[in-house]
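Take a look at the structure set out below.
The values are calculated or read from the model by the stated rules, or taken from the named source; none is laboratory data. Worth saying up front: this structure is predicted, and the values here are computed from it rather than measured. Here the Cβ is made from the backbone with ideal geometry for all residues, glycine too, and neighbour counts use every protein chain on show. Just the protein is used for accessible areas: all its heavy atoms, side chains included, with ligands, DNA and RNA removed. Shrake-Rupley method; radii C 1.70, N 1.55, O 1.52, S 1.80 Å.
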Amino acid sequence: MPDEAAAPPAAHTAARDLLVLFRRLRKRLREVPSSGLTPSQTSVLLRLDKDGASSTTLLAAAEGVRPQSMTAVLNALEETGLIRRSPDPEDGRRQVVTLTEAGAERVAGGREARQDWLTVAMAERLDARQLAVVNEALALLGEVVEGGAAEPPPSPPRRGSGTRPAP
């Protein structure tokens, strides 16, 4: 793996600033109205859309909340018809949580609303030349992500996973 110290200072600065910008953009996109859903409810719908069926316990762990708190979120989503819970065929004590068709439509609508907000925000604040620069920068970042020049560092073990890093 390449040494971070050997990277040019401009790469270090760009990486730092890009990570900060992504955090700010993610926060701002979460603030785009989600037609009456709480941030927790929206997050669960997005996770189910991305990862597929899950359980209350797994969703709670992924969202960093207690299972009892996740149950409250799931109850609200089920009442509005956005998720379905059914018995796990392999373990009758567990329930499998899935998106309903209405839930998938809500996710798609939210995704479209966030993209619309970003489109309008860029169109209002940037001229054609600046938008071309943004698109060029995105193409370059795509090369960084897809190029595989540097391997990402290994992920640290998750808390409570029972695994320890190798000595």
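Note on the stretch 30-43: residues that are part of a helix (DSSP H, G or I) and open to solvent by less than 40 Å² (accessible area, probe 1.4 Å) total 3.
Would you confirm, using the coordinates I've provided, whether ARG66 is within 21 Å of ARG26 (Cα to Cα) and basic (Lys, Arg)?
No, not satisfied.
Tell me, which helices (runs of 4 or more DSSP H) lie completely within the stretch 44-157 with 3 or more residues that are surrounded by 14 or more Cβ atoms within 10 Å (Cβ to Cβ)? It would help to see each step written out before you state the result.
Numbers: elements: 56-63, 67-79, 101-125, 128-147.
Here the list reads 56-63, 67-79, 101-125.
Yes or no, residue by residue, for (1) in contact with a helix residue (DSSP H, G or I) (Cβ under 7 Å, 6 or more places away or on another chain); (2) closer than 30 Å to ALA121 by Cα:
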{"site": "GLU31", "(1), (2)": "no, yes"}
{"site": "GLY36", "(1), (2)": "no, yes"}
{"site": "THR56", "(1), (2)": "yes, no"}
{"site": "ALA62", "(1), (2)": "yes, no"}
{"site": "THR71", "(1), (2)": "yes, no"}
{"site": "ALA76", "(1), (2)": "yes, no"}
{"site": "THR80", "(1), (2)": "no, no"}
{"site": "ASP88", "(1), (2)": "no, no"}
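Considering every residue within the stretch 67-85, establish whether at least one is closer than 30 Å to LEU141 by Cα and in contact with a strand residue (DSSP E or B) (Cβ under 7 Å, 6 or more places away or on another chain). No, that holds for no residue.
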